Ligand code: NAD
């Protein structure tokens, strides 16, 4: 198997889809690896480190049958790939229609990392989780550096400073890391989520779960719609917590859809002077109506910070985890040094976006065709 790893071409992407330690493991599977010169530069991984790991640092050889990337390739790159090439990268089909069409038309077998099923067996391949965990950690650091006060309690000769209060809204993978990190930095941390079952997870990282006194649990484990009185009650409790926090970190997202707005303009305008919102949902438009994705805005005395592509700020570790996710995925496909895709495997059938001239993922097909 000939693997090629190109340099990333999208603006602000600093990650790379392969790191040297993972290259060594892939080589043991019988994979021959080429990497575009300088592909690791933005993540500060020099070509020499790859060469030491047995990677050929050069332009793509003839006969590449496997390509690893972080972001989707350009149409020109797709046109240069031979039909049947296996490509693994993030795609987000609903916002990349021309790319998905080109992958289909050039008969590329593309596994989209955001489609890997979130089942126990696929945890090692779950790049959404590996990248979200790093983003959550970074969000807590952003809260710390954007506040004009400190997170921990500090006792000094002239008296004590009170610890900061941090509220994390959306206690999934990113939210839990944000909670754990802010807790380690000494803040008083609280977590909220529409899924009440995360209460124990919030508590396990040292947070207090915000109990709105309303359960949205319906039959069969699904959330039910709240009545208007119940919604008002939830809003009242959340407003109190938002407006007594020094920093609010929001991480709410709905797969394939714009980010839900979970803090209103009036809630923001009532926040404490000097408080900050770190909006991790900027990529999907943000969790507040005042968020400017990719920018920092001041709303009166409140600051909203909404960076894009946070994992790129931690490019070395983000690349390392992502690369390991790819190694685990490819482990399902390579047998005796040959690519051999088992189309009965639910991880592969879940993650495949295009194959054999067709868009295999139904939601993507609807969005694109
Ligand atoms: P996500 O990034 O899609 O969303 C982040 C969080 O925001 C979620 O916890 C969600 O419930 C919450 N949210 C959505 N709308 C909200 C709202 N209006 N107000 C408040 N919170 C809101 O989710 P994620 O972090 O990628 O994953 C969520 C969960 O999925 C994880 O906590 C975990 O339980 C599960 N998961 C399972 C596996 C696995 O079994 N392999 C892998 C990954 C995740």
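If you go through segment 293-311 and keep only what is out of contact with any helix residue (DSSP H, G or I) (no Cβ under 7 Å at 6 or more places or on another chain) and buried (at least 20 other Cβ atoms within 10 Å of the Cβ), you end up with 304, 309.
Please count how many residues of segment 278-306 are outside any loop (DSSP other than H, G, I, E, B) and either away from the ligand (no atom under 15 Å from the Cβ) or over 30 Å from residue 115 (Cβ atoms) (or both).
8
Across segment 244-267, the number of residues qualifying as outside any loop (DSSP other than H, G, I, E, B), out of contact with any helix residue (DSSP H, G or I) (no Cβ under 7 Å at 6 or more places or on another chain) and over 30 Å from residue 112 (Cα atoms) comes to 3. Summed over segment 331-357, residues that are touching a residue at least 60 places away in the same chain (Cβ under 8 Å) and either part of a helix (DSSP H, G or I) or exposed (fewer than 13 other Cβ atoms within 10 Å of the Cβ) (or both) total 11.
Checking each residue in segment 223-260 for being under 23 Å from residue 182 (Cα atoms), free of Cβ contacts under 8 Å to residues at least 40 places away in the same chain and surrounded by 14 or more Cβ atoms within 10 Å (Cβ to Cβ) picks out 237, 239, 243. Which is over 30 Å from residue 112 (Cα atoms), within 16 Å of the ligand (Cβ to nearest atom) and in a loop (DSSP other than H, G, I, E, B), of 213, 206? Unique residue meeting the criteria: 213. Screening segment 130-190 for strands (runs of 3 or more DSSP E) wholly inside it with 3 or more residues that are on the phi < 0 side of the Ramachandran plot and away from the ligand (no atom under 16 Å from the Cβ) returns the ranges 154-156. For the condition touching a residue at least 60 places away in the same chain (Cβ under 8 Å) and within 19 Å of the chain's Cα centre (by Cα), residue 178 qualifies. Applying the criterion of being in contact (Cβ under 8 Å) with a residue 60 or more places away in the chain, over 17 Å from the mean Cα position of the chain (by Cα) and surrounded by 19 or more Cβ atoms within 10 Å (Cβ to Cβ) to the residues of segment 106-126, the residue that is nearest to the ligand (Cβ to nearest atom) is 110.
Values in this text are rule-based calculations from the coordinates and carry no lab data. Keep in mind it's a predicted model, so treat the numbers as computed, not measured. Positions of Cβ are generated from backbone atoms using ideal geometry, with glycine treated the same way; all protein chains shown enter the neighbour counts.
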